[in-house]
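Novice: Here you go, one structure.
Taken together, the values in this text are just the output of simple stated rules run on the coordinates, not laboratory data. What you see is a predicted model, and the numbers here were worked out from it, not measured in a lab. All Cβ positions, even for glycine, are placed from backbone atoms using ideal geometry, and neighbour counts span all protein chains on display.
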Amino acid sequence: MTKRIGRYTLQMENRPTVEGFASVVGKKEMEGPLSEYFDLSFEDTTLGESSWEKAESRLQKEAVTLALKKAGVTSQDIDYIFAGDLLNQCISSTFGLRSLDIPMLGQFGACSTMAQTMALASIFVETGAARLAAAVTSSHFCSAERQFRLPLEYGGQRTPTAQWTATASGSVILGTSGKGPFVSAVTVGRISDLGIKDAANMGAAMAPAAAQTIHDFLHDTGTVPNDYDLILTGDLGLIGTELVREILIQNNLDITDVHNDCGMMLFHREKQDVHAGGSGCGCSASVLCSVILQRLQSRELNNVLFVATGALMSPTSQQQGESVPGIAHLLHLTST
């Protein structure tokens, strides 16, 4: 059962287990520094499909299928799947997962969706509402550019603060058996909006939310940054990484020694010309569902805070001159 710790944190007394996980990426991601950790990659950005949106749907289906296989279960064993993406009405998830015939709860947390889907899947398993639950999300560079920015054919100039949307997907199967990793606690984030309106500066928009959620968790649990092997945000990129550290230092919390960011890990930032780093739901999802969970599984890491961040914007809100609210959800992951 869950136990509330402080104001914002739920402690998982039975600690749902990560029974299987998988990451699927595109060509550019496979050329980055984490290539050895991914389960599957594709050379063609269309994945053999007739559109980028259909390609993204396939990313999700491939990730879930691999995670199920690694967990030693089938889609019929899963009680619920929590899924979402960046596209309108979460069409990547809907069309990608429809053939699996699993009860589905669609989610939108922008780039925080991996943490959001895992948090809800964990709570369902912890409370007995599900024996096995799945969490998945994805993003695709081309589908995201078409929806949120400019068609690729336009050839628009990218600003230095811009981040590169990952073509990737990550999926996790959560249950009650196995050797871990485990979900020990969840902190659901609050919306933070400091009035930033630049859609090409997601890191600055999301950093306050990440700082707020990290602060909430540490305050609720009475812990300090150095109690953890890694505090992993995702995906703030270069600008947001600097900002979240600065904000927390102003609140007497220094995470610098134990902090990394998925947007800084996925690509060779300068060599691959991704400007301020990686972004998109698939960025933090693929990093978590590869190197991080593998290192927790092998106990190279034992105590990790995964803090996925999202910019809660839409093309409509941007066209109407609205600011970009941020959100960040946190999972406390342990190896034992």
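Novice: What net charge do the residues around GLY180 carry, taking every other residue with its C-beta under 11 Å from that of GLY180, with Lys and Arg at +1 and Asp and Glu at -1?
Specialist: Details: positive: ARG15, LYS179, ARG299; negative: GLU19.
Spelling it out: positives minus negatives among the neighbours equals +2.
Novice: Cβ under 13 Å from PHE124's Cβ, PHE124 left aside: what net charge do those residues give with Lys, Arg +1 and Asp, Glu -1? Please report the intermediate quantities before stating the final value.
Specialist: Working: positive: ARG131; negative: ASP79, GLU126.
Its environment carries a net charge of -1.
Novice: What is the set of long-range amide H partners of ASP198 at a cut-off below 5 Å, with H atoms built 1.01 Å from backbone N?
Specialist: For ASP198, whose amide H was placed from the backbone, there are no distant partners under 5 Å.
Novice: Tell me, how many Å apart are the Cα centres for the range 85-137 and for the range 278-336?
Specialist: The range 85-137 and the range 278-336 have Cα centres spaced 14 Å from each other.
Novice: Toward the positive end of the charge dipole of the chain, about the Cα centre and with charges on Cβ (Lys, Arg +1; Asp, Glu -1), which of LEU301, PRO16, GLN212 goes farthest?
Specialist: The listed residue farthest towards the positive side: PRO16.
Novice: Using the Karplus equation 6.51 cos²θ - 1.76 cosθ + 1.60 (θ = phi - 60°), what ³J(HN,Hα) coupling, rounded to whole Hz, does each residue of the range 59-72 give in order, writing x for Gly and Pro?
Specialist: 3, 5, 4, 5, 5, 5, 4, 5, 5, 4, 4, 5, 7, x
Novice: What list of ³J(HN,Hα) couplings, whole Hz, do you get for the range 42-52 from phi and the Karplus terms 6.51, -1.76, 1.60, once you set θ to phi - 60° and write x for glycine and proline?
Specialist: In residue order, the calculated couplings are 10, 7, 9, 5, 8, 6, x, 9, 8, 8, 5 Hz.
Novice: Below 13 angstrom from the Cβ of CYS262, what's the summed charge of the other residues (Lys, Arg +1; Asp, Glu -1)?
Specialist: Result for the neighbourhood of CYS262: -2.
Novice: Let me ask something else. Of the options SER286, ALA199, PRO33, report the single residue whose Cα projects farthest towards the positive end of the charge dipole of the chain (beta-carbon charges: Lys, Arg +1; Asp, Glu -1).
Specialist: It is SER286.
Novice: Given the chain, what count of lysine pairs have C-alpha atoms under 25 Å apart, with each pair 8 or more places apart or on different chains?
Specialist: The number of close lysine pairs in the chain is 16.
Novice: What residues have an amide H closer than 5 Å to that of LEU40, excluding those fewer than 5 places away on the same chain, when H is modeled at 1.01 Å from N in the peptide plane?
Specialist: For LEU40, the qualifying residues are SER23, VAL25.
Novice: What are the residues whose amide H is under 5 Å from the amide H of ILE5, where those residues sit 5 or more places off or on another chain and H is modelled from the backbone?
Specialist: LEU10, GLN11
Novice: Once phi is turned into ³J(HN,Hα) by the Karplus curve 6.51 cos²θ - 1.76 cosθ + 1.60 with θ = phi - 60°, what whole-Hz value does each residue of the range 11-16 show in order, with x for glycine and proline?
Specialist: Couplings: 8, 8, 5, 8, 6, x Hz.
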